[in-house]
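So the structure is just underneath, and the comments pick up after that.
The values are calculated or read from the model by the stated rules, or taken from the named source; none is laboratory data. Since the structure is predicted, the reported quantities are computational estimates derived from the model, not experimental observations. Using ideal geometry, Cβ is built from the backbone for each residue, glycine included, and neighbour counts are taken over all protein chains shown. These accessible areas exclude ligands, DNA and RNA; they are computed on the full protein's heavy atoms, side chains included. Shrake-Rupley method; radii C 1.70, N 1.55, O 1.52, S 1.80 Å.
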Amino acid sequence: MRPLFVIAIICSLFFSACSPKMPTKEELTQSLPQEFSNLILIGQAPKDKENKILKTTPLEQIKLLFGDETLNTLFELALSKNLDLQIANTRILQARSQLKTALGELFPTVNGNLSLNDSHQRTDTNPVQKSSAYSAQIGATLSWELDLFGRLQHNKNAKNSLYEKSLQDLENAKITLLADIATLYFALLESHTNIQLTSENITHYETALELTRLKVENGLLDSTELFEKQDLLTSEQNTLETLKTTAEENKNALLLLLDSKSLPFEISRVHLPQTRTSFALSDLPAEVILARPDIKASLLSLYAQTYNKANAKASLFPILSISANVNEILDSSTQNAGNLAWQLASSLVAPILNRTQLTQNYFLQDAILQESYLTLQQSIKNAFNEIQNTSFNTKSTSLQLQNSQKRLTNAQSYYEFSYNRHLVGLIDTLEYSLNAASLNNSKKSFNSAQSQNLQALTLLYKAFGGNLNLTSLKDSYAHN
């Protein structure tokens with residue numbers, strides 16, 4: 001059996017050097033521009049040259065981004081109760097068990113056995129003869145497949161990559177959850193505030209409609225004015241119902257993510273937080289995309305498939321196995337107690353008739369590997385475009401918020417002017433009611449712009465994989 005061991009050692013050393021080649025960061029990002037063109041649209045903060053890489057969790061980043069205590073409470077509640085995260089955790093347990101199973105296949109398998117035998121025999125002759133015998137023996141068997149061509153090792157490496165992928169899937173699920181919680185929270189606050197303003201507007205339009213009807217009946221206004229006021233009232237009533245539907249949908253979606261039956265806060269007591277517009281994102285290379293958990297998960301899937309292909313290739317070669325067994329008779333009616341028997345054997349099995357099946361499996365794994373690589377490339381490019389789009393959207397919604405703020409300021413000034421005129425009787429209640437409704441419309445527009453800007457920041461946070469490099473700006477935010 002010594003020649004087999006020599007062959008095993010030589011083959012093992014040879015094929016261990018032929019490990020699968022994994023793609024590098026440069027290869028994965030070679031088709032991408034090395035800078036994000038739209039990052040310049042965001043108000044950039046000076047980069048700290050001594051602290052370029054910040055080690056903060058996605059939870060810390062999003063808390064720092066919005067600074068809303070009610071929202072922080074929702075984050076903590078969701079992370080502890082969300083069903084998607086619980087499912088992701090169970091998948092980690094599954095992947096860990098599969099990894100341990102693959103690891104165990106690298107080592108010998110040893111089984112023990114204990115057998116008891118008690119037999120009785122009776123012959124139907126004259127005279128009748130009876131005989132009996134009993135024995136008890138203990139033994140052990142060993143079997144071990146020598147991993148000459150790395151088949152078992154590649155299988156273990158594939159399972160390890162899938163286990164690491166499950167960890168990244170969990171991190172990605174957390175980032176997605178935090179972003180969804182924030183988006184629904186902002187949308188819910190926007191809807192609630194605008195519902196109140198719309199209800200006030202309905203009252204103002206009802207007053208305007210009634211006063212217009214009186215003036216039309218007295219011949220002071222044309223009947224078309226009555227139709228216009230009726231349209232304003234009907235449109236605002238429909239807007240109210242739409243807002244109520246949106247608010248209910250957002251509330252139920254938020255409760256689903258929290259796995260709760262009721263919200264842990266009173267909507268009337270919270271308001272939309274102030275937006276943050278300064279980020280230390282300048283001069284980031286395109287390979288920062290590879291830090292996103294979802295991209296890491298895709299990359300690990302590629303690694304796992306690379307090992308699967310290597311495993312399929314190794315399955316084409318012979319399999320060397322060693323088996324052994326030992327048995328000892330503990331007690332016997334034939335006085336054979338203490339007898340010991342052992343056996344050691346080795347076998348070399350090579351696929352012959354099923355070689356076509358194994359070869360086609362290798363080609364299949366190679367095709368799946370190509371698909372995995374193309375899928376990863378597509379994911380990277382989608383992530384790059386997502387960063388570009390969210391960067392542009394963040395600046396765009398910030399400008400819309402500024403314009404809405406100017407509109408609100410002007411509407412507030414005009415409303416105060418008309419209020420004073422109404423007090424001294426220079427304008428009637430009809431005109432004053434319409435001016436009050438106009439102010440509320442400006443407030444609704446501002447609320448929507450503020451919510452959209454906050455949601456754009458949330459998408460930017462998600463696009464960067466939960467890290468906007470905000471730690472270095474903590475003191476300046478506190479000062480602001």
### Message
Just to check your reading of the model, which residue among THR224, THR198 is modelled with pLDDT under 95, out of contact with any strand residue (DSSP E or B) (no Cβ under 7 Å at 6 or more places or on another chain), in a helix (DSSP H, G or I) and of a type in the set (Ser, Thr, Tyr)?
### Response
THR224
## Note on the structure
If we ask which residues in the stretch 126-174 are of a type outside the set (A, V, I, L, M, F, W, C), open to solvent by less than 30 Å² (accessible area, probe 1.4 Å), at negative phi and not in a helix (DSSP H, G or I), their number turns out to be 1
### Message
Looking at ASP222, ASP169, ASP231, can you tell me which residue is touching a residue at least 40 places away in the same chain (Cβ under 8 Å) and not polar (S, T, N, Q)?
### Response
ASP169
### Query
If we scan the stretch 464-474, do we find a residue that is modelled with pLDDT under 95, assigned to a helix (DSSP H, G or I) and open to solvent by less than 20 Å² (accessible area, probe 1.4 Å)?
yes
## Note on the structure
When the stretch 246-290 is checked residue by residue, the ones that are modelled with pLDDT of 90 or more, more than 22 Å from the chain's Cα centre (by Cα) and not in a helix (DSSP H, G or I) are LYS261, SER262, LEU263, PRO264, PHE265, GLU266, VAL270, HIS271, LEU272, PRO273
### Of all residues in the stretch 202-238 being among the polar types (S, T, N, Q) and crowded, with 18+ Cβ neighbours inside 10 Å, the one that is nearest to GLU190 (Cα to Cα)
THR207
### Message
Given the options THR70, THR123, name the one that is open to solvent by less than 70 Å² (accessible area, probe 1.4 Å) and either touching a Leu at 6+ places or on another chain (Cβ under 6 Å) or over 30 Å from LEU178 (Cα atoms) (or both).
### Response
THR123
### Query
Scanning the stretch 425-463 for residues that are free of Cβ contacts under 8 Å to residues at least 12 places away in the same chain and open to solvent by 20 Å² or more (accessible area, probe 1.4 Å), which turns out nearest to SER396 (Cα to Cα)?
LEU426
#### Entry: Matching residues, the stretch 389-411, being under 23 Å from the mean Cα position of the chain (by Cα) and crowded, with 17+ Cβ neighbours inside 10 Å
THR390, SER391, ASN393, THR394
#### Entry: Complete set of residues in the stretch 389-430 that are at negative phi and outside any helix (DSSP H, G or I)
VAL424, LEU426, ILE427, ASP428
### Query
Going through the stretch 416-439 one residue at a time, which ones are of a type in the set (Ser, Thr, Tyr) and within 30 Å of GLN455 (Cα to Cα)?
SER438
#### Entry: Residues of the stretch 369-385 satisfying the condition of being loosely packed, with under 13 Cβ neighbours inside 10 Å and either charged (D, E, K, R) or in contact with a Cys (Cβ under 7 Å, 6 or more places away or on another chain) (or both)
GLU371
